[in-house]
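Engineer: Got a structure for you, written out below as structure tokens; questions coming shortly.
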Amino acid sequence: MYQTIIGGRELIKNAGELIRKGEIVAFPTETVYGLGGNALDESAINKIYEAKNRPKDNPFIVHVTDAEAADKVAVVTQEAEKLFKIFSPGPITVVLRKRDCIPYAATAGLGTVGVRIPSHPMCREFLKECKVPVAAPSANLSKRVSPTSASHVYEDMNGRIPLILDGGDSEVGIESTVISLAAEVPTVLRPGIITIEKLVEVFPEVRNHKGEIKVAPSPGMKYTHYAPLVPCVMFDSILAAAKAYDNFVAENLKPVILIKGSWEGLGEREVINMGADGKEIAKNIFGLLRYCEKNYDRIIVEKLSDCGEEGSVMNRLVKSCGGKILP
Ligand code: TXA
Ligand code: MG
């Protein structure tokens, strides 16, 4: 059991020392908060699995400061270099052949490793201070909604880790796009704010494993993810939302409707606007889900488009709702 400390810039040096000593530390990134440990140290990696209750067959992303550092942990191909040049530092993870220094514990036994160069200024300072590559999943308990603020991390990790670096609210709000360049054609494994539409502009051949312009399953995708602590259902007509809301009220439950942009026709029912477009909704969604699970018994959320940034948020929401859409 740790006494978990939350702090800002003044603790970056301490955070680096802790990482070099084999400890684990939560830190901000532009996407979501990460829970990091020395990527070269198997025992630090095991501490992360333990703190998160994460199944051991779900690999971690390794965070580095630049493409040169990336090449020390993975074989950075020309294509990878091109991707890093265009999109990094930023919210993209590139899966490449791993180098021997990365233990199989970090990659769940795979010969590949996901490498990311984050853009968040405090994250970059932290990585410099660590002087080692940092393996980090999102800093939530396994299955829970990813954290986009230090207080979200505290909710899940209090007592489980020594330190949370507070870098404010995450700007992007959903996890990085994961693209594999270790497959035959560049393959998107997890959509993000760098959308598949943007990646097709760089690699016209970008595909999923079936050869479609869709997303292929990554090892983490078989798990229940993003599950709020209260049931969550999805609607695609106001009528269905109103009906579900009224049924929940009749059962003495306290529901809330999450909707995109403005709304009409819901009368006095409790409604929260998730944001005006995909980018805004991405930034708000995980915080909103955490807010709703504390203040309501049921969440009724609007179905979003399957494309672009909205499509990347939908990828998470479908999981929050267990794939169910209201009739
Ligand atoms: O934005 C992010 O990516 C955040 C921040 C902290 O950087 N991290 C994050 O990590 O979301 P995590 O562990 O929650 O998600 C990593 C995803 C998982 O779905 C995992 O299966 C996939 O990336 N992944 C990691 N390494 C992989 C590999 N070698 N091959 C295929 N998929 C991989
Ligand atoms: Mg995660």
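What follows is calculated from the coordinates using simple rules that are stated; it is not laboratory data. Because the structure is a prediction, the values reported are computed rather than measured. Neighbour counts run over all protein chains shown; Cβ positions are idealised from the backbone, glycine included.
Engineer: Kirkwood hydrodynamic radius, segment 224-327, all distinct C-alpha pairs: what's the number in Å?
Structural biologist: By the Kirkwood definition, the hydrodynamic radius is 13.5 Å.
Engineer: Checking the table 85/260; 243/279; 85/319; 243/303 against a 27 Å threshold on Cα-Cα, which pairs fail?
Structural biologist: Correct reply: 85/260; 243/279; 85/319.
Engineer: How big is the dipole moment of segment 103-211 about its Cα centre under a simple scheme where the beta carbon of each Lys and Arg is +1, that of each Asp and Glu is -1, and everything else is neutral? Debye, nearest 20, please.
Structural biologist: 320 debye
Engineer: A further question on this structure: Taking amide H atoms as placed 1.01 Å from N in the peptide plane, list the residues 5 or more away in sequence, or in a different chain, whose amide H sits under 5 Å from that of residue 193.
Structural biologist: 177
Engineer: Normalised by the empirical 2.2 N^0.38 Å for globular proteins, what value does the Cα Rg of segment 1-80 take?
Structural biologist: Dividing the Cα radius of gyration by 2.2 N^0.38 Å gives 1.20.
Engineer: Moving on. For segment 57-120 and segment 126-151, compute the distance between their C-alpha centroids and round to whole Å.
Structural biologist: Segment 57-120 and segment 126-151 have Cα centres spaced 15 Å from each other.
Engineer: Something else about it: Of the beta bridges DSSP finds with both residues in the chain, what % are antiparallel, to the nearest 5?
Structural biologist: 40 percent
Engineer: May I pose another question? Go ahead and set up a Gaussian network model of the chain, Cα springs under 10 Å, then flag whichever of 163, 35, 18 fluctuates most.
Structural biologist: Largest GNM mean-square fluctuation: 18.
Engineer: Most fluctuating residue of 73, 313, 185 in a GNM of the chain with Cα springs under 10 Å: which is it?
Structural biologist: 185
Engineer: Treating the beta-carbon of each Lys and Arg as +1 and of each Asp and Glu as -1, no other charges, what is the dipole magnitude of segment 1-123 about its Cα centre, to the nearest 20 debye?
Structural biologist: Charge dipole, segment 1-123, about its Cα centre: 100 debye, nearest 20.
Engineer: Tell me, what HN-Hα J-couplings in whole Hz come from the Karplus equation 6.51 cos²θ - 1.76 cosθ + 1.60 at θ = phi - 60° for each residue of segment 27-39, using x for Gly and Pro?
Structural biologist: Result, rounded to whole Hz: 9, x, 9, 5, 8, 9, 6, x, 10, x, x, 4, 5.
Engineer: Step through the residues of segment 147-163 one at a time and calculate ³J(HN,Hα) from phi using the Karplus curve (6.51 cos²θ - 1.76 cosθ + 1.60, θ = phi - 60°), rounding each to whole Hz and writing x for Gly and Pro.
Structural biologist: The phi angles translate into x, 10, 8, 4, 6, 4, 4, 4, 3, 8, 10, 3, x, 9, 9, x, 8 Hz.
Engineer: How large is the helix-only mean residue ellipticity at 222 nm for the chain, computed as the sum of -39500 (n - 2.57) over DSSP H runs with n ≥ 4, divided by its residue count, in deg cm²/dmol to the nearest 500?
Structural biologist: Counting only the DSSP helices, I get -10000 deg cm²/dmol.
Engineer: Return the single residue from 244, 276, 67 with maximal mean-square fluctuation; model: Gaussian network over the chain, springs between Cα atoms under 10 Å.
Structural biologist: 276
Engineer: Through the Karplus equation 6.51 cos²θ - 1.76 cosθ + 1.60, θ set to phi - 60°, convert the phi angles of segment 255-270 into ³J(HN,Hα) values in whole Hz; use x for Gly and Pro.
Structural biologist: Coupling constants for segment 255-270: x, 9, 9, 9, 9, 8, x, 8, 9, 9, x, 10, x, 8, 5, 6 Hz.
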